[in-house]
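Novice: Got a structure for you, written out below as structure tokens; questions coming shortly.
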Amino acid sequence: MNTTSRTDTTTSDTVSSRVPVGRPRRSTWARSGSYVLQRYSLVVLWALMVALFALLLPQGLDLGQAGRAVLGQQTPVVFLGLATVITLAVGEFDLSFVWIYGLAGTLFSSLVVLHGWPVLAAVLAALAAAVVVGLLNAVFVVLIGVNSIVVTLGTGSVAYGAALLVSNQANVSGLDPALSQISVAPILGLPAVFWYGVILVALTAYIMSATPLGRAMLFVGANRGVARLAGISVTRVRFGAYLVSALLCGLIGVILACGIGGFQVSTSQVQLLPVFAAVFLGTVAVVPGRFNPVGMIIAAYFLLTGVFGLQLFGATGWVTNIFYGCVLVAAVTISLVAQRRSRG
């Protein structure tokens with residue numbers, strides 16, 4: 001009898017220790033709602049932004065037309081953001097991506113228009129030039145150990161100078177209009193370049209979340225020492241991130257040059273703030289506290305929607321700069337807080 005009493009007492013003590021006193025359990029629906037809101041709050045804010053524009057605009061807002069206008073923009077932000085996500089995910093910081101993009105677009109256009117190269121040969125040359133810059137970044141940062149900000153600023157400046165050289169410091173135009181179909185050919189009502197971005201984002205998200213390479217990138221970005229102890233080739237992962245990032249930048253340079261019939265290298269630099277704003281703002285979506293491709297593309301079109309709405313209100317260029325600057329500071333702050341919470 002005494003043994004049973006002791007057993008009952010022990011069991012009740014164990015159960016009571018597992019259930020916190022004074023803290024009611026949340027229902028499954030509440031937990032699910034909190035989970036969704038935590039990961040997709042940016043989508044909710046996006047919808048609220050659209051609703052606000054629709055209410056405040058005197059002429060109203062045609063959602064279908066506005067959606068096609070935002071999603072159909074020939075913007076390099078998604079491709080460049082994806083390239084930046086790949087390097088930041090492994091703990092590297094690359095500032096040269098906008099100039100690699102500019103070099104590829106300018107070199108491709110210049111070789112075809114000014115020097116009469118075949119299109120395929122010019123494409124390969126432009127992509128090769130982009131990869132060479134990425135290779136220089138990898139060699140100096142990964143193998144030699146020079147600070148990544150210093151190296152990528154230097155190589156970016158070299159790439160910009162090379163683009164000015166091959167273009168004779170002029171806006172190169174005159175590509176065959178038929179090439180524009182590579183970028184602007186309509187697919188389901190949206191230009192092909194939009195679907196290229198979606199496909200690449202989906203592929204990268206799968207690699208980063210469901211493959212050994214993706215897990216290796218996560219370990220390297222979190223702690224290189226632990227990654228080495230786990231048998232991961234840290235040097236290869238970091239080296240490869242620079243090369244793949246540069247290749248993506250070169251690819252969008254060529255695609256957009258085809259879409260607009262040429263390229264002006266000075267326009268590449270204006271993508272720096274929007275890309276970083278999209279990448280850091282993307283860390284609050286889908287996988288909070290972590291650089292991820294899906295969050296980046298959501299953030300990119302969230303920002304493009306904001307700019308589009310400001311333009312409908314008649315805002316000038318300086319308002320757009322302020323908008324991107326404020327979003328970048330806020331996004332970096334939120335990202336830092338989210339990363340600290342995830343580590344905790």
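Novice: Identify all residues within region 225-260 that are surrounded by 17 or more Cβ atoms within 10 Å (Cβ to Cβ), more than 18 Å from THR152 (Cβ to Cβ) and not aliphatic (A, V, I, L, M); write none if there are none.
Specialist: Scanning region 225-260 gives CYS258, GLY259.
Novice: Give region 168-180 a look and list any residue that's out of contact with any strand residue (DSSP E or B) (no Cβ under 8 Å at 6 or more places or on another chain) and in contact (Cβ under 8 Å) with a residue 12 or more places away in the chain, or say none.
Specialist: Going through region 168-180, the residues out of contact with any strand residue (DSSP E or B) (no Cβ under 8 Å at 6 or more places or on another chain) turn out to be 168-170, 176-180.
Listed by number, the residues that qualify are ASN168, ASP176, PRO177, LEU179, SER180.
Novice: Right, here's the next one. Kindly evaluate VAL201 against the criterion of being more than 14 Å from LEU71 (Cα to Cα) and surrounded by 13 or more Cβ atoms within 10 Å (Cβ to Cβ).
Specialist: When the stated conditions are applied, VAL201 passes them.
Novice: Shifting gears a bit: Considering only residues that are charged (D, E, K, R) and either exposed (fewer than 12 other Cβ atoms within 10 Å of the Cβ) or at pLDDT 80 or above (or both), which ones fall in region 25-69?
Specialist: ARG25, ARG26, ARG31, ASP62, ARG68
Novice: Just wondering, is there one or more residues in region 229-237 that are touching a residue at least 12 places away in the same chain (Cβ under 8 Å), assigned to a loop (DSSP other than H, G, I, E, B) and not hydroxyl-bearing (Ser, Thr, Tyr)?
Specialist: The answer is yes; a qualifying residue exists.
Novice: When only residues in region 203-221 that are of a type in the set (A, V, I, L, M) and touching a helix residue (DSSP H, G or I) at 6+ places or on another chain (Cβ under 8 Å) count, which is nearest to SER268 (Cα to Cα)?
Specialist: ALA205
Novice: Tell me which residues, restricted to region 197-224, are farther than 19 Å from ALA83 by Cα and outside any helix (DSSP H, G or I).
Specialist: If the condition is that a residue be farther than 19 Å from ALA83 by Cα and outside any helix (DSSP H, G or I), then ASN223 is the only one that fits.
Novice: Continuing with this model, one more query. Restricting attention to region 263-290, which residues are at pLDDT 90 or above and not in a helix (DSSP H, G or I)?
Specialist: Listed by number, the list holds a single entry, PHE263.
Novice: Shifting gears a bit: Since GLY60 meets every condition but one in (1) of a type outside the set (Lys, Arg); (2) touching a helix residue (DSSP H, G or I) at 6+ places or on another chain (Cβ under 7 Å); (3) under 22 Å from THR283 (Cβ atoms), which condition does it not meet?
Specialist: (3)
Novice: Sticking with this structure for a sec: Can you tell me which of THR84, THR75 is in contact (Cβ under 8 Å) with a residue 24 or more places away in the chain, within 23 Å of the chain's Cα centre (by Cα) and closer than 21 Å to GLY189 by Cα?
Specialist: That would be THR75, the only listed residue that is in contact (Cβ under 8 Å) with a residue 24 or more places away in the chain, within 23 Å of the chain's Cα centre (by Cα) and closer than 21 Å to GLY189 by Cα.
Novice: Would you call PHE194 over 16 Å from the mean Cα position of the chain (by Cα), part of a helix (DSSP H, G or I) and either touching a residue at least 40 places away in the same chain (Cβ under 8 Å) or surrounded by 13 or more Cβ atoms within 10 Å (Cβ to Cβ) (or both)?
Specialist: Here the answer is no, as PHE194 does not meet what is asked.
Novice: Still on this structure: If VAL112 meets every condition in (1) touching a residue at least 60 places away in the same chain (Cβ under 8 Å); (2) more than 18 Å from LEU80 (Cβ to Cβ); (3) under 22 Å from the mean Cα position of the chain (by Cα) apart from one, which number is that one?
Specialist: Only one criterion in (1) touching a residue at least 60 places away in the same chain (Cβ under 8 Å); (2) more than 18 Å from LEU80 (Cβ to Cβ); (3) under 22 Å from the mean Cα position of the chain (by Cα) is unmet by VAL112, namely (3).
The values are calculated or read from the model by the stated rules, or taken from the named source; none is laboratory data. Small disclaimer: the values here were computed from a predicted structure and weren't measured. Here Cβ is always computed from backbone atoms with ideal geometry, including for glycine, and neighbour counts include all displayed protein chains.
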